[in-house]
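See structure below.
The values are calculated or read from the model by the stated rules, or taken from the named source; none is laboratory data. What you are looking at is a predicted structure, and each value in this text was computed from that prediction instead of being measured. Backbone-built Cβ (ideal geometry, glycine too); neighbour counts: all protein chains shown. The area values use the complete protein model at the heavy-atom level, side chains included, leaving out ligands, DNA and RNA. Shrake-Rupley method; radii C 1.70, N 1.55, O 1.52, S 1.80 Å.
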Amino acid sequence: FWMKKDRLPDVSETKNEIIFSISNTENDLFQVTTDVTASSKILTTFSKALTSAEFVYEFDTNLSTIADSNWHHYALAFSTNSAGYVGEFYVDGKFKEKKSYANASPALNLTGTLDATVAASSLSSRLGDGALEGYIDEVRLWKTTRNAKDIGVNYFFDVGGGGNSDTTKVNNDNPLEL
C-alpha cells in the first residue's frame, strides 16, 4: 500500500491509527496500524476472539517519521512454516527487516466470512475506531506470499483494478483522502 501522512496524532488524542483491518464473525482480527508512541514504526497484530494479541510484529521503517508529508510504499509479506510465522517488511521497494513468531503448529488463520476495511476497524462493534489521518492508495492483497524480487520490481507499477480479472484503470491522480 501507498501512504502519505502529514502529522501523527498526539499520544493523548488516539490509539494507534488503523491502516488495514480484516476480521471474521468470531472476532478474530488482523490489523496493520501506526504506532502512536513511535513515529517511525508500523505494527501488525493478530488476535483470536478479541483476546490478547497472539502475536505483534513491530516493523521499523527507518524513516525519521512516517508523517513526513511524502508518499511511501509499504509492503508486508507473511508466511508460515513448521516453526511458526514469518513477517517481512519493505519500504519503497527495499527490504527492511524480517520477524519471526515461534509456534510449533501454526494454527492462526482467519476463516469464514471476512470483513476488511482500509483506514478504520473492520469489527462491526468498533466500526470507525482508530481512523487513520492521512492518505492511502493502492492497497494490494495477494493470495501468495510476495518475495523481495516481486516487491522490488513491482511496487511502483499499477497492477490494474480491484480483482484478478478487472482491467479497468484506477484514477491514481486522486487518491482517497481520509
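Could you look through segment 1-32, keep only residues that are in contact with a Gly (Cβ under 7 Å, 6 or more places away or on another chain) and part of a strand (DSSP E or B), and pick out the one that is surrounded by the most Cβ atoms within 10 Å (Cβ to Cβ)? Ranking the candidates gives Met3 first. Residues in segment 33-46 that are more than 14 Å from Tyr57 (Cβ to Cβ) and either in contact with a Leu (Cβ under 8 Å, 6 or more places away or on another chain) or among the hydrophobic types (A, V, I, L, M, F, W, C) (or both) were compared, and the one that is surrounded by the most Cβ atoms within 10 Å (Cβ to Cβ) is Val36. The selection criterion, being farther than 17 Å from Ile136 by Cβ, hydroxyl-bearing (Ser, Thr, Tyr) and in contact with a strand residue (DSSP E or B) (Cβ under 8 Å, 6 or more places away or on another chain), holds for Tyr101.
Restricting segment 121-136 to residues that are open to solvent by 20 Å² or more (accessible area, probe 1.4 Å) and either at pLDDT 80 or above or hydrophobic (A, V, I, L, M, F, W, C) (or both) leaves a set whose member that is nearest to Ser69 (Cα to Cα) is Tyr135. Looking at segment 97-107, can you tell me whether even one residue there is farther than 24 Å from Lys5 by Cα, open to solvent by less than 60 Å² (accessible area, probe 1.4 Å), in a loop (DSSP other than H, G, I, E, B) and modelled with pLDDT under 75? Yes, because at least one residue in segment 97-107 is farther than 24 Å from Lys5 by Cα, open to solvent by less than 60 Å² (accessible area, probe 1.4 Å), in a loop (DSSP other than H, G, I, E, B) and modelled with pLDDT under 75.
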